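Novice: Got a structure here, written out as structure tokens. Questions coming.
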Amino acid sequence: MARDRREGLEIKVVDPPAATMSNVSVETSRRQQRASFAEFRPFKLWFPWLVPAIVVANIALFAISMFINNCPKNSPNCSARFLGRFAFQPMKENPLLGPSSYTLERMGALEVSMVVHKHQVWRLFTCIWLHAGVFHVLANMLSLIFIGIRLEQEFGFVRIGMLYMISGFGGSLLSSLFNRAGISVGASGALFGLLGAMLSELLTNWTIYANKFAALLTLIFIIAINLAVGILPHVDNFAHLGGFTSGFLLGFVFLIRPQYGYFNQRNNPRSYGAPSAKSKHKPYQYILWITSLILLIAGYTVGLIVLLQGTDLNKHCSWCHYLSCIPTSLWSCKSHNVYCQSSQIGQQMNLTCIANGRTEMYKLSNDIQSRIEQLCSQLCR
């Protein structure tokens, strides 16, 4: 008891009952716990800058390829390497839609003959930064923005950057093992790698998601639709499949999350410690991590050896070509690549179609080099 004698008042302080003190203590403890969990964020959110940078780089390289394709007629660099044997796809002749195949080849497009005979393995990486047309680059970059930014926010630029590049390499590798003619460009393999990683991330971090089956079915539907588009002609579905498989395995390696109970245990005050300590990862997460890493290393090693030996896997798999294109009454899956041999005789160029043997002489001029693919396409009809 205490007294305050100010202004003649007498105040008595009596200790509250034990039951009341107990209720106050419990309520205070609950409020502290609620405040603690409200501020607790186990997974850090990253600022996404790498994915926008990749988008800008792809658009810039496409603009550069368009400039090279329409470079000034008097520039010697425009025609320095046109003479010789070359292959191209006629659908890329229109400069309004995209650069020519020869321009893309000069900038690093995936051409199997260059990789096998000249050991230009770097084309497996450079081809994912090039695109064949305006719609091609816009579709890929919009997809990258919608998929990649969320992943970078959750997992950071290091893991997403490695996932993007390695998945793109895996897509290029599988493409080069089956697509032996023509060239291949585009970031689709890397994009499918991000989709594959999202699926494996959902599976390996299953316990932290609320609407598990709804998220799984939605993601599988999106993946199935995108892979189905790959059976159309002129679409390199082997790059999609290779990128998706690589990303699916890489997701178990790069996107593994500690279980939520581990963070919950670390956040609780020591007086409220759990009776048994939670491990950081579950056993199945370790098993998937090790298995995926072994499959990736083995697959890439064997694939590179087979590719550099010049082996055409279509000869060992009679049905695999249906994975890239299924012929119907609406379209054909036959290759439209044409090949020509050119030689210079004085001020004239001799052009010979390899397919039908037709030969034509053309007078050399400033614009002949920019029209050589179109002339070859007409000659081989």
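Novice: Looking only at the range 202-231, count how many residues are closer than 22 Å to MET162 by Cα and either open to solvent by 40 Å² or more (accessible area, probe 1.4 Å) or more than 19 Å from the chain's Cα centre (by Cα) (or both).
Specialist: Qualifying residue count, the range 202-231: 3.
Novice: Turning to a different aspect of this structure: Check TYR339 against each of (1) at pLDDT below 70; (2) in a loop (DSSP other than H, G, I, E, B); (3) on the phi < 0 side of the Ramachandran plot and name the one condition it does not meet.
Specialist: (2)
Novice: Given the residues LEU199, LEU177, which is the only one that is more than 11 Å from the chain's Cα centre (by Cα), closer than 26 Å to TYR284 by Cα and surrounded by fewer than 24 Cβ atoms within 10 Å (Cβ to Cβ)?
Specialist: The conditions single out LEU199.
Novice: From (1) open to solvent by 50 Å² or more (accessible area, probe 1.4 Å); (2) part of a helix (DSSP H, G or I), pick out the condition that doesn't hold for HIS234.
Specialist: (2)
Here is a yes/no grid of residues against (1) basic (Lys, Arg); (2) closer than 17 Å to GLY299 by Cβ; (3) touching a residue at least 24 places away in the same chain (Cβ under 8 Å); (4) assigned by the TED database to the domain that holds ALA53:
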residue	(1), (2), (3), (4)
GLY148	no, no, yes, yes
GLU152	no, no, yes, yes
PHE169	no, yes, yes, yes
ILE183	no, no, yes, yes
GLY186	no, no, yes, yes
MET198	no, no, yes, yes
ALA215	no, no, no, yes
GLY230	no, no, yes, yes
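Novice: Of all residues being touching a residue at least 40 places away in the same chain (Cβ under 8 Å) and of a type in the set (A, V, I, L, M, F, W, C) in the range 290-316, which is most open to solvent (accessible area, probe 1.4 Å)? Just the residue, please.
Specialist: Residue satisfying both the conditions and the ranking: LEU295.
The values are calculated or read from the model by the stated rules, or taken from the named source; none is laboratory data. Only a predicted model underlies this, so the values are computations on that prediction, with no experimental measurement involved. Every residue, glycine among them, receives a Cβ derived from its backbone with ideal geometry; neighbour counts consider all protein chains shown. To get the accessible areas, we keep the full protein, side chains included, count just its heavy atoms, and leave off ligands, DNA and RNA. Shrake-Rupley method; radii C 1.70, N 1.55, O 1.52, S 1.80 Å.
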